[in-house]
Amino acid sequence: MPDDNQGSPELELIDIYERPDKIYTRSFTGYFRNLRMLGGGFLFLLFFGTAWVNLGGQQAVLFDLPARKFHIFGATFWPQDFILLSWLLIIAAFALFAITVFAGRVWCGYTCPQSVFTWVFMWAEKVTEGDRNKRMKGDKGSISVDLFMRKLAKHGIWTAVSLATAITFVGYFTPIRELVPDIFSWDIGSWSLFWIGFFALATYGNAGFLREMVCLHMCPYARFQSVMFDNNTLVVAYDHNRGESRGPRKKSVDPKEKGLGDCIDCSVCVQVCPTGIDIRNGLQYSCITCAACIDACDTIMDKMGYEKGLIRYTTENELNGTKTHLVRPRMVGYAAALVIMFGMFFYSLETRSSFELDILRDRNQLYRTNANGDIENVYTLKLVNKDETPHQMTVQVSGIEGLKANSAMTFTVGSGEVASHIVRLALPAGADTKGNKEIEFTISAEDESLPETTTSSRFITPIK
Ligand code: SF4
Ligand code: SF4
């Protein structure tokens, strides 16, 4: 095939199907690595610890799907409370947008589970196989017994972390204090076993092998986050004006005399990057804002006796010599919307009823005439007790004078129970009501521990 670009030295042909080289990340210490470890450690503790916390004899967080009940820190949520979950998801998405406008992909670098688990797996790689150069050398040469044992140890740690993650995750859906003994006594249900295997494989594959591929090609957030950036968004960037022209030099040499900038072209910032990019080429969507390159470059700057911050958190405006506005109308708008949404969420949570009443009219028969000649309507009352204690409930009906109940109007509804009760209401034959009229059912707890709930329905009589 003829090369149309012959004679155009600036154009570089890129094979988009070319298999990318394996990334061997160099480990580095520094302020931002400590921050990442703190964030990751906190999230790990939250994820692995919460599953084991009990509140009032109940697992603190348990999504009990067979019983259709979600226990979250002492509160029980039902499918009827789905609106609250929707609010929570909308708030989380909105908070993520707000953070992205403020500080770019900072979520990706510090708190995204994909990144946190990848950092842990990379740590396992380092303690077993050694740092970057040793790993590269090991992978190039033939495998020795020592290297085989080291790789075995690495996969052992990866497997242990993956299994612990999967068991904990499944433990949020099956009580973990029953699940773990069941695993050890090999008395585990087939579905639990399937999901443990699935999530263990997903963790092992994503954090062990796919790594940056997930961030670059699979994560939807990576696709749309760039449209939220503006010139005031904090990003990790290389100070081109200060760094160029780049080039190696001895510490004793004055760069200005040689016409050099502060970048010594050591490529350490590229070696530490988990997505394998060179931040000196400008802002790229592959950058997850982990700041590993900042730590690396700051160390080099220290060694050279230069000022830190050649690579730093900054904004496009600052790099272009313009004033940065961190507080701007867009940010204020996001903050205001978040405050309103949080307010509405907590209001809905606070005013959430512990008891629900649904009324279904008998659809087969609009009305019937009983043995006494009274006009009778039949209703099915669906009562949902979301409370942690059983309640004796009484139903009262109003709306039509002379309406009486021909069935029991007091029932006990157990904790977490969804109960159905048939109620027959009758109106004496001579009563002055024709057609259909609205009536109200009011349900209240005998111990007055719940607020009254009122629901309306209709009472139908013959049209004469
Ligand atoms: S680490 Fe700093 S000095 Fe070294 S190549 Fe990167 S930007 Fe230049
Ligand atoms: S360029 Fe720097 S901040 Fe961006 S992903 Fe690479 S190391 Fe992290």
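The values are calculated or read from the model by the stated rules, or taken from the named source; none is laboratory data. Computed from a predicted model, the values in this text were never measured in an experiment. Counting neighbours? That spans all protein chains shown, and the Cβs are built from the backbone with ideal geometry, glycine included. Side chains included, ligands, DNA and RNA excluded: accessible areas come from the protein's heavy atoms. Shrake-Rupley method; radii C 1.70, N 1.55, O 1.52, S 1.80 Å.
The residues of region 170-193 that are more than 24 Å from the chain's Cα centre (by Cα) and hydrophobic (A, V, I, L, M, F, W, C), listed by number, are VAL180, ILE183, PHE184, TRP186, ILE188.
Residue-by-condition table, conditions (1) more than 10 Å from ligand 1 (Cβ to nearest atom); (2) open to solvent by less than 50 Å² (accessible area, probe 1.4 Å); (3) under 33 Å from the mean Cα position of the chain (by Cα):
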| position | (1), (2), (3) |
| --- | --- |
| ASP254 | yes, no, no |
| GLY261 | no, yes, no |
| ASP265 | no, no, no |
| GLN271 | no, yes, yes |
| GLY276 | yes, yes, yes |
| ARG280 | no, yes, yes |
| TYR285 | yes, no, yes |
| ILE288 | yes, yes, yes |
| ALA292 | yes, yes, yes |
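Within region 98-111, the residues that satisfy the criterion of being open to solvent by 60 Å² or more (accessible area, probe 1.4 Å) and under 13 Å from TYR221 (Cα atoms) are ILE99, TRP107.
Of all the residues in region 294-317, those that are part of a helix (DSSP H, G or I) and away from ligand 2 (no atom under 16 Å from the Cβ) number 4. Taking residues in region 146-161 that are in the same structural domain as PHE44 (by TED's automatic domain parsing), and partners anywhere that are of a type in the set (Val, Ile, Thr), the pairs with Cβ atoms closer than 6 Å and at least 6 places apart or on different chains are ARG150/THR128; ALA153/THR128; LYS154/THR128. Of the residues making up region 258-286, those that are touching a residue at least 40 places away in the same chain (Cβ under 8 Å) and within 10 Å of ligand 2 (Cβ to nearest atom) number 11. Taken over region 211-246, residues that are within 30 Å of ARG19 (Cα to Cα), away from ligand 2 (no atom under 16 Å from the Cβ) and open to solvent by less than 70 Å² (accessible area, probe 1.4 Å) amount to 0. Just give me the residues in region 55-66 being open to solvent by 70 Å² or more (accessible area, probe 1.4 Å) and either touching a Phe, Trp or Tyr at 6+ places or on another chain (Cβ under 6 Å) or over 18 Å from ASP387 (Cβ atoms) (or both), in sequence order. Residues satisfying the conditions are LEU65, PRO66.
Within region 383-396, can you find the residues that are surrounded by fewer than 17 Cβ atoms within 10 Å (Cβ to Cβ) and either at pLDDT 90 or above or touching a Phe, Trp or Tyr at 6+ places or on another chain (Cβ under 8 Å) (or both)? Outline the logic, then answer.
The first filter runs over region 383-396 and keeps only residues surrounded by fewer than 17 Cβ atoms within 10 Å (Cβ to Cβ), leaving 388-390, 392, 394, 396.
Within region 383-396, GLN392, THR394, GLN396 qualify.
Each row is one residue, and each column tells you yes or no for (1) of a type outside the set (Phe, Trp, Tyr); (2) open to solvent by 80 Å² or more (accessible area, probe 1.4 Å); (3) touching a residue at least 12 places away in the same chain (Cβ under 8 Å).
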{"residue": "LEU338", "(1), (2), (3)": "yes, no, yes"}
{"residue": "GLY343", "(1), (2), (3)": "yes, no, no"}
{"residue": "SER354", "(1), (2), (3)": "yes, no, yes"}
{"residue": "ASP358", "(1), (2), (3)": "yes, yes, yes"}
{"residue": "ARG363", "(1), (2), (3)": "yes, yes, no"}
{"residue": "LEU366", "(1), (2), (3)": "yes, yes, yes"}
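Within region 407-421, track down each residue that is of a type in the set (A, V, I, L, M, F, W, C) and within 30 Å of ALA75 (Cα to Cα).
Selection gives MET409, PHE411, VAL413, VAL418, ALA419.
Here LYS69 meets each of (1) open to solvent by less than 60 Å² (accessible area, probe 1.4 Å); (2) free of Cβ contacts under 8 Å to residues at least 60 places away in the same chain; (3) farther than 30 Å from ARG211 by Cα with one exception, condition (2). Are any residues in region 294-319 within 30 Å of the chain's Cα centre (by Cα), surrounded by 22 or more Cβ atoms within 10 Å (Cβ to Cβ) and acidic (Asp, Glu), and if so, which ones? Answer for region 294-319, where residues must be within 30 Å of the chain's Cα centre (by Cα), surrounded by 22 or more Cβ atoms within 10 Å (Cβ to Cβ) and acidic (Asp, Glu): just ASP295.
Those strands (runs of 3 or more DSSP E) of region 1-112 in which 2 or more residues are modelled with pLDDT of 85 or more occupy 61-64, 69-72.
Assess whether ILE91 counts as being open to solvent by less than 30 Å² (accessible area, probe 1.4 Å) and in the same structural domain as ALA166 (by TED's automatic domain parsing). Answer is yes for this residue. Considering only region 408-419, state which residues are exposed (fewer than 14 other Cβ atoms within 10 Å of the Cβ) and either touching a residue at least 40 places away in the same chain (Cβ under 8 Å) or farther than 16 Å from THR389 by Cβ (or both). Within region 408-419, ALA408, THR410 meet the criteria. Evaluation of ILE188 against the conditions (1) open to solvent by 40 Å² or more (accessible area, probe 1.4 Å); (2) part of a loop (DSSP other than H, G, I, E, B); (3) in contact with an Asp or Glu (Cβ under 6 Å, 6 or more places away or on another chain) shows that the sole unmet condition is (1).
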